[in-house]
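The values are calculated or read from the model by the stated rules, or taken from the named source; none is laboratory data. Because the structure is predicted, anything quoted here is derived from the model rather than measured. Here the Cβ is made from the backbone with ideal geometry for all residues, glycine too, and neighbour counts use every protein chain on show. Just so you know, the surface numbers come from the protein's heavy atoms only, side chains and all, with ligands and any DNA or RNA stripped out. Shrake-Rupley method; radii C 1.70, N 1.55, O 1.52, S 1.80 Å.
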Amino acid sequence: ESERLTVRVKDVEKYSIKWENRKSTYYPRDLAIAYQGQKGHKLYFPYRDKPRFKSDIGKEDVWVTERNPKRWIITKSHKDFLFIEKLTEDTEYSIGMVQSENSFPTNKLWEDAYDLNVLFDNDKSGIIGMDNFRDFYLNSKSLILPTEEKDLTDFA
């Protein structure tokens, strides 16, 4: 697990953004963390109001820990993914993570799963995202936290 954390989560001292023929480099004065995806990075600024994220990762990019291809818990935040992965390490649940509550990547394993659970944030956009995920993956069901906390890791 420590290898995964050092590979996927990094402190950010500077970052560059490229568009057209230009490139700008930024040196954030507040905390910035980079999550490594399959095809890029997602920057997270936890102390900012909005925007708290910058990303060059596409909606099809997912993270998975596959244990049983028929049983899944899907979340949308990297810290929730790591938490659920640790919480379920002695189970046969596979863990997946999408990039946002509006991201519905095509995943054959998820389409064929007999136990597909989605657990997004416990706020309005999270609940709407779970409803939309169920519309996309008809075999999925929503997991709702029995708390007023917005985030799974806040609840834990």
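For GLU111, are the conditions met, namely being touching a residue at least 12 places away in the same chain (Cβ under 8 Å) and either loosely packed, with under 14 Cβ neighbours inside 10 Å or touching a Pro at 6+ places or on another chain (Cβ under 7 Å) (or both)?
Values: touching a residue at least 12 places away in the same chain (Cβ under 8 Å): yes; either loosely packed, with under 14 Cβ neighbours inside 10 Å or touching a Pro at 6+ places or on another chain (Cβ under 7 Å) (or both): yes.
When the stated conditions are applied, GLU111 passes them.
Going by the conditions given, is TYR27 modelled with pLDDT of 85 or more and open to solvent by 30 Å² or more (accessible area, probe 1.4 Å)?
Values: modelled with pLDDT of 85 or more: no; open to solvent by 30 Å² or more (accessible area, probe 1.4 Å): yes.
No, not satisfied.
How many of the residues in segment 128-142 are of a type in the set (A, V, I, L, M) and either loosely packed, with under 15 Cβ neighbours inside 10 Å or modelled with pLDDT of 95 or more (or both)?
Pass one, segment 128-142, residues of a type in the set (A, V, I, L, M): 128, 130, 138.
If we keep only those that are either loosely packed, with under 15 Cβ neighbours inside 10 Å or modelled with pLDDT of 95 or more (or both) as well, we get 128, 138.
So the answer is 2.
With respect to PHE120, is the statement that it is open to solvent by less than 50 Å² (accessible area, probe 1.4 Å), part of a loop (DSSP other than H, G, I, E, B) and modelled with pLDDT of 90 or more true? Can you show your working first?
Values: open to solvent by less than 50 Å² (accessible area, probe 1.4 Å): yes; part of a loop (DSSP other than H, G, I, E, B): yes; modelled with pLDDT of 90 or more: yes.
Yes.
Could you give me the residue pairs with C-beta distances under 6 Å whose first residue belongs to segment 16-30 and is farther than 17 Å from PHE53 by Cβ, whose second residue is loosely packed, with under 10 Cβ neighbours inside 10 Å and not aliphatic (A, V, I, L, M) wherever it lies, and which are 6+ apart or on separate chains?
LYS23/SER16; THR25/LYS14; THR25/SER16; TYR27/LYS14
Condition check: in contact (Cβ under 8 Å) with a residue 12 or more places away in the chain, within 18 Å of LYS70 (Cα to Cα) and of a type in the set (Gly, Ala, Ser). Does SER103 satisfy that? It would help to see each step written out before you state the result.
Working: in contact (Cβ under 8 Å) with a residue 12 or more places away in the chain: yes; within 18 Å of LYS70 (Cα to Cα): no; of a type in the set (Gly, Ala, Ser): yes.
Taking the combined requirement at face value, the residue does not satisfy it.
Among the residues of segment 6-23, which ones are open to solvent by 100 Å² or more (accessible area, probe 1.4 Å) and at pLDDT 80 or above? Explain how you work it out, then say what you get.
Start the filter on segment 6-23 by keeping residues that are open to solvent by 100 Å² or more (accessible area, probe 1.4 Å), which leaves 11, 13-14, 18, 20-23.
Listed by number, the residues that qualify are GLU13, LYS14, GLU20, ASN21, ARG22, LYS23.
Which one of ILE84, ILE57, ILE95 is surrounded by 17 or more Cβ atoms within 10 Å (Cβ to Cβ) and at pLDDT below 85? Show your work before the answer.
Details: ILE84 fails: at pLDDT below 85; ILE95 fails: at pLDDT below 85.
Only one candidate passes the filter, namely ILE57.
Before we move on, is SER125 surrounded by 18 or more Cβ atoms within 10 Å (Cβ to Cβ) and among the small types (Gly, Ala, Ser)? Can you show your working first?
Details: surrounded by 18 or more Cβ atoms within 10 Å (Cβ to Cβ): no; among the small types (Gly, Ala, Ser): yes.
So SER125 does not fit the description; no.
I need a count of the residues in segment 88-100 that are touching a residue at least 24 places away in the same chain (Cβ under 8 Å) and over 28 Å from TYR15 (Cβ atoms).
Let us first name the residues in segment 88-100 that are touching a residue at least 24 places away in the same chain (Cβ under 8 Å), namely 91-100.
Checking the rest, the ones that are also over 28 Å from TYR15 (Cβ atoms) come to 91-94.
Summing the residues that are touching a residue at least 24 places away in the same chain (Cβ under 8 Å) and over 28 Å from TYR15 (Cβ atoms) in segment 88-100 gives 4.
Can you run down the residue pairs with Cβ atoms below 6 Å, 6 or more apart or on separate chains, where the first is in segment 43-64 and under 10 Å from VAL98 (Cβ atoms) and the partner is open to solvent by 60 Å² or more (accessible area, probe 1.4 Å) and in a loop (DSSP other than H, G, I, E, B)?
Close Cβ pairs satisfying both conditions: ASP61/GLN38; ASP61/LYS39.
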